[in-house]
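First the structure, in the form of C-alpha coordinates, and then the observations on it.
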Amino acid sequence: MTPPTRAEQRRRSEEAILDAARGLFAELGYDRTTIRGVAKAAGVDPGLVMHYYGSKENLFARATEEAPPREAPPREAPSGEAPSGEHAPPGKPTPPGEPAPPGEPTRTGKPAGTGKPTPPGEPTQTGKPARTGEMVETLLSSLTSRLESEPLESLALLRSMLTNQSAADRYRSAAHAQLGQISAAIPAADADLRASLLSAIVHGIIIDRYLLGFGHLADAAPEQIADLLRPCFEALAAAPDDRIA
(Lines give C-alpha, C1' and ligand atoms only; values in the text may rest on other atoms or scores of the structure.)
Protein backbone atom coordinates (compact mmCIF):
# COMPACT_ATOMS: atom_id res chain seq x y z
CA MET A 1 0.00 0.00 0.00
CA THR A 2 1.29 3.43 -0.96
CA PRO A 3 1.91 5.60 2.12
CA PRO A 4 -0.16 8.81 2.29
CA THR A 5 1.41 11.92 0.86
CA ARG A 6 2.17 14.93 3.02
CA ALA A 7 -0.89 16.69 1.57
CA GLU A 8 -3.13 13.73 2.43
CA GLN A 9 -1.74 13.59 5.96
CA ARG A 10 -2.48 17.28 6.41
CA ARG A 11 -6.01 16.89 5.05
CA ARG A 12 -6.72 14.02 7.45
CA SER A 13 -5.31 15.99 10.39
CA GLU A 14 -7.40 19.03 9.50
CA GLU A 15 -10.56 16.90 9.20
CA ALA A 16 -9.90 15.28 12.58
CA ILE A 17 -9.32 18.68 14.20
CA LEU A 18 -12.47 20.22 12.68
CA ASP A 19 -14.61 17.20 13.64
CA ALA A 20 -13.33 17.39 17.21
CA ALA A 21 -13.85 21.16 17.32
CA ARG A 22 -17.45 20.91 16.07
CA GLY A 23 -18.28 18.36 18.73
CA LEU A 24 -16.76 20.38 21.56
CA PHE A 25 -18.16 23.73 20.42
CA ALA A 26 -21.62 22.11 20.21
CA GLU A 27 -21.27 20.47 23.62
CA LEU A 28 -19.47 23.20 25.57
CA GLY A 29 -19.89 26.41 23.60
CA TYR A 30 -17.16 28.78 22.47
CA ASP A 31 -15.97 30.03 25.85
CA ARG A 32 -15.46 26.61 27.46
CA THR A 33 -13.82 24.97 24.46
CA THR A 34 -10.00 25.09 24.48
CA ILE A 35 -7.34 24.46 21.87
CA ARG A 36 -5.84 21.83 24.17
CA GLY A 37 -9.21 20.08 24.49
CA VAL A 38 -9.70 20.05 20.72
CA ALA A 39 -6.20 18.67 20.20
CA LYS A 40 -6.80 15.90 22.73
CA ALA A 41 -10.10 14.91 21.13
CA ALA A 42 -8.49 14.92 17.67
CA GLY A 43 -5.43 12.97 18.84
CA VAL A 44 -2.94 15.63 17.76
CA ASP A 45 -0.54 18.06 19.43
CA PRO A 46 -2.01 21.47 20.43
CA GLY A 47 0.80 23.12 18.47
CA LEU A 48 -0.51 21.51 15.28
CA VAL A 49 -3.96 23.03 15.85
CA MET A 50 -2.41 26.48 16.24
CA HIS A 51 -0.18 25.88 13.21
CA TYR A 52 -3.19 25.14 11.00
CA TYR A 53 -5.68 27.67 12.37
CA GLY A 54 -3.72 30.32 14.28
CA SER A 55 -6.33 31.01 16.98
CA LYS A 56 -9.47 29.63 18.57
CA GLU A 57 -11.51 32.28 16.77
CA ASN A 58 -10.24 31.11 13.36
CA LEU A 59 -10.82 27.49 14.34
CA PHE A 60 -14.39 28.31 15.35
CA ALA A 61 -15.04 30.11 12.07
CA ARG A 62 -13.84 27.11 10.06
CA ALA A 63 -15.64 24.58 12.26
CA THR A 64 -18.99 26.33 11.87
CA GLU A 65 -18.87 26.74 8.10
CA GLU A 66 -21.54 24.93 6.14
CA ALA A 67 -21.11 21.18 6.11
CA PRO A 68 -20.02 19.55 2.84
CA PRO A 69 -22.88 18.06 0.78
CA ARG A 70 -24.20 14.80 2.13
CA GLU A 71 -23.73 11.84 -0.13
CA ALA A 72 -26.87 11.04 -2.09
CA PRO A 73 -27.60 8.91 -5.14
CA PRO A 74 -27.00 11.12 -8.18
CA ARG A 75 -29.92 11.93 -10.40
CA GLU A 76 -30.16 13.60 -13.75
CA ALA A 77 -31.24 17.18 -13.21
CA PRO A 78 -33.23 19.22 -15.73
CA SER A 79 -31.35 22.09 -17.33
CA GLY A 80 -30.76 24.87 -14.83
CA GLU A 81 -31.59 22.75 -11.78
CA ALA A 82 -29.01 21.79 -9.19
CA PRO A 83 -28.61 18.03 -8.60
CA SER A 84 -30.29 16.59 -5.53
CA GLY A 85 -28.10 16.98 -2.45
CA GLU A 86 -26.19 19.96 -3.85
CA HIS A 87 -25.85 22.79 -1.37
CA ALA A 88 -25.52 26.52 -1.70
CA PRO A 89 -22.04 27.84 -2.49
CA PRO A 90 -19.56 27.64 0.42
CA GLY A 91 -19.43 30.73 2.59
CA LYS A 92 -23.20 31.37 2.33
CA PRO A 93 -24.76 28.86 4.70
CA THR A 94 -28.42 29.07 5.60
CA PRO A 95 -28.43 30.44 9.16
CA PRO A 96 -29.87 28.22 11.91
CA GLY A 97 -33.57 28.82 12.24
CA GLU A 98 -34.10 30.21 8.75
CA PRO A 99 -35.48 28.54 5.59
CA ALA A 100 -33.48 28.33 2.41
CA PRO A 101 -34.41 31.04 -0.10
CA PRO A 102 -37.10 29.92 -2.60
CA GLY A 103 -35.48 27.85 -5.34
CA GLU A 104 -32.31 27.05 -3.33
CA PRO A 105 -31.60 23.66 -1.76
CA THR A 106 -32.77 23.02 1.79
CA ARG A 107 -30.96 20.63 4.16
CA THR A 108 -32.89 17.77 2.57
CA GLY A 109 -31.27 18.63 -0.75
CA LYS A 110 -34.65 19.57 -2.26
CA PRO A 111 -35.00 23.08 -3.68
CA ALA A 112 -37.33 25.28 -1.66
CA GLY A 113 -40.38 26.67 -3.35
CA THR A 114 -40.27 24.42 -6.39
CA GLY A 115 -43.22 22.91 -8.18
CA LYS A 116 -45.93 24.43 -10.38
CA PRO A 117 -45.82 28.19 -9.84
CA THR A 118 -48.88 30.20 -8.85
CA PRO A 119 -49.02 33.85 -9.91
CA PRO A 120 -48.04 36.20 -7.06
CA GLY A 121 -51.07 37.25 -5.00
CA GLU A 122 -53.27 34.46 -6.37
CA PRO A 123 -54.70 32.03 -3.81
CA THR A 124 -53.41 28.46 -3.70
CA GLN A 125 -55.55 25.38 -3.05
CA THR A 126 -55.34 26.19 0.66
CA GLY A 127 -56.77 29.65 0.05
CA LYS A 128 -53.52 31.38 1.10
CA PRO A 129 -51.59 33.74 -1.22
CA ALA A 130 -48.99 31.74 -3.12
CA ARG A 131 -45.95 33.53 -1.73
CA THR A 132 -47.12 33.30 1.89
CA GLY A 133 -48.12 29.65 1.65
CA GLU A 134 -44.84 28.79 -0.04
CA MET A 135 -42.87 30.50 2.73
CA VAL A 136 -44.76 28.63 5.47
CA GLU A 137 -44.26 25.26 3.80
CA THR A 138 -40.58 26.01 3.12
CA LEU A 139 -40.06 26.95 6.75
CA LEU A 140 -41.83 23.82 8.00
CA SER A 141 -39.99 21.59 5.54
CA SER A 142 -36.65 23.02 6.63
CA LEU A 143 -37.58 22.57 10.30
CA THR A 144 -38.70 18.97 9.75
CA SER A 145 -35.39 18.12 8.10
CA ARG A 146 -33.42 19.77 10.91
CA LEU A 147 -35.41 17.89 13.54
CA GLU A 148 -34.33 14.66 11.87
CA SER A 149 -30.64 15.60 11.88
CA GLU A 150 -29.01 18.90 12.79
CA PRO A 151 -25.37 19.36 11.70
CA LEU A 152 -22.81 19.92 14.44
CA GLU A 153 -21.77 23.16 12.69
CA SER A 154 -25.20 24.61 13.40
CA LEU A 155 -25.34 23.34 16.99
CA ALA A 156 -21.88 24.73 17.69
CA LEU A 157 -22.96 28.16 16.44
CA LEU A 158 -26.29 28.06 18.29
CA ARG A 159 -24.74 27.16 21.64
CA SER A 160 -21.82 29.56 21.27
CA MET A 161 -23.81 32.60 20.14
CA LEU A 162 -25.65 32.67 23.46
CA THR A 163 -22.46 33.48 25.36
CA ASN A 164 -19.96 34.76 22.78
CA GLN A 165 -20.42 38.15 21.13
CA SER A 166 -18.34 37.27 18.07
CA ALA A 167 -20.44 34.17 17.39
CA ALA A 168 -23.64 36.19 17.91
CA ASP A 169 -22.47 38.90 15.51
CA ARG A 170 -21.53 36.30 12.91
CA TYR A 171 -24.94 34.67 13.12
CA ARG A 172 -26.80 37.99 13.14
CA SER A 173 -25.02 39.11 9.98
CA ALA A 174 -25.81 35.88 8.14
CA ALA A 175 -29.43 35.75 9.34
CA HIS A 176 -30.40 39.30 8.38
CA ALA A 177 -31.11 38.61 4.70
CA GLN A 178 -33.04 35.40 5.44
CA LEU A 179 -35.22 37.14 8.00
CA GLY A 180 -35.94 39.81 5.41
CA GLN A 181 -37.15 37.18 2.95
CA ILE A 182 -39.59 35.80 5.52
CA SER A 183 -40.85 39.30 6.27
CA ALA A 184 -41.28 40.10 2.56
CA ALA A 185 -43.64 37.13 2.15
CA ILE A 186 -45.99 38.28 4.94
CA PRO A 187 -48.74 40.70 3.79
CA ALA A 188 -49.09 42.65 7.04
CA ALA A 189 -47.95 46.01 8.39
CA ASP A 190 -46.16 44.27 11.28
CA ALA A 191 -44.47 41.72 8.98
CA ASP A 192 -41.05 42.24 10.56
CA LEU A 193 -42.37 41.33 14.01
CA ARG A 194 -44.23 38.31 12.65
CA ALA A 195 -41.10 37.11 10.84
CA SER A 196 -39.09 37.49 14.04
CA LEU A 197 -41.68 35.44 15.95
CA LEU A 198 -41.53 32.65 13.35
CA SER A 199 -37.75 32.62 13.51
CA ALA A 200 -37.78 32.63 17.32
CA ILE A 201 -40.13 29.63 17.40
CA VAL A 202 -37.81 27.65 15.13
CA HIS A 203 -34.76 28.62 17.18
CA GLY A 204 -36.47 27.64 20.41
CA ILE A 205 -37.49 24.23 19.09
CA ILE A 206 -34.01 23.42 17.76
CA ILE A 207 -32.31 24.57 20.96
CA ASP A 208 -34.73 22.61 23.14
CA ARG A 209 -34.50 19.42 21.09
CA TYR A 210 -30.72 19.27 20.79
CA LEU A 211 -29.19 21.44 23.50
CA LEU A 212 -31.63 21.40 26.42
CA GLY A 213 -33.51 18.11 26.02
CA PHE A 214 -36.38 19.48 28.07
CA GLY A 215 -39.86 17.94 27.82
CA HIS A 216 -41.00 15.82 24.90
CA LEU A 217 -39.45 17.75 22.00
CA ALA A 218 -36.30 15.63 22.22
CA ASP A 219 -38.02 12.47 20.96
CA ALA A 220 -41.17 13.72 19.22
CA ALA A 221 -41.63 12.83 15.54
CA PRO A 222 -40.57 15.73 13.27
CA GLU A 223 -43.73 15.42 11.15
CA GLN A 224 -45.95 15.63 14.24
CA ILE A 225 -44.18 18.79 15.39
CA ALA A 226 -44.57 20.36 11.96
CA ASP A 227 -48.26 19.45 11.76
CA LEU A 228 -48.95 21.01 15.16
CA LEU A 229 -47.06 24.16 14.21
CA ARG A 230 -48.68 24.65 10.80
CA PRO A 231 -51.83 26.52 12.02
CA CYS A 232 -49.64 28.78 14.18
CA PHE A 233 -47.26 29.53 11.30
CA GLU A 234 -50.16 30.17 8.92
CA ALA A 235 -51.79 32.54 11.40
CA LEU A 236 -48.57 34.52 11.85
CA ALA A 237 -47.97 34.66 8.09
CA ALA A 238 -51.53 35.58 7.08
CA ALA A 239 -52.88 39.04 6.35
CA PRO A 240 -54.86 40.42 9.33
CA ASP A 241 -58.24 39.80 7.66
CA ASP A 242 -57.24 36.22 6.73
CA ARG A 243 -56.48 35.08 10.28
CA ILE A 244 -58.47 32.28 11.80
CA ALA A 245 -61.26 33.73 13.97
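The values are calculated or read from the model by the stated rules, or taken from the named source; none is laboratory data. Fair warning: this is a prediction, and the values are worked out from it, not measured in the lab. Virtual Cβ from ideal backbone geometry, glycine too; neighbours counted across all protein chains shown.
A few comments on the model shown:
- In segment 1-16, the residues that are small (Gly, Ala, Ser) form Cβ pairs under 8 Å with partners that are surrounded by 11 or more Cβ atoms within 10 Å (Cβ to Cβ) and in a helix (DSSP H, G or I), at six or more places apart or across chains, as follows: Ser13/Ala42; Ser13/Leu48; Ser13/Tyr52; Ala16/Ala42.
- The lone exception for Ala61 - which of (1) touching a Gly at 6+ places or on another chain (Cβ under 8 Å); (2) surrounded by 13 or more Cβ atoms within 10 Å (Cβ to Cβ); (3) at pLDDT below 95 it fails: (1)
- In segment 17-32, residue farthest from the chain's Cα centre (by Cα) [restricted to those that are touching a residue at least 24 places away in the same chain (Cβ under 8 Å) and in a loop (DSSP other than H, G, I, E, B)]: Asp31
- Filter result for Ala174 (of a type outside the set (Ser, Thr, Tyr) and either buried (at least 20 other Cβ atoms within 10 Å of the Cβ) or in contact (Cβ under 8 Å) with a residue 40 or more places away in the chain (or both)): yes
- Filtered residues of segment 147-167 (kept if assigned to a helix (DSSP H, G or I) and farther than 17 Å from Glu65 by Cβ): Leu147, Glu148, Gln165
- Only one of Ala195, Ala226, Ala218, Ala188 that is free of Cβ contacts under 8 Å to residues at least 24 places away in the same chain and within 27 Å of Arg131 (Cβ to Cβ): Ala195
- Filter pass, Pro240 being modelled with pLDDT of 90 or more and over 18 Å from the mean Cα position of the chain (by Cα): no
- Any chance Pro46 is outside the structural domain of Arg170 (by TED's automatic domain parsing) and at pLDDT below 90: no
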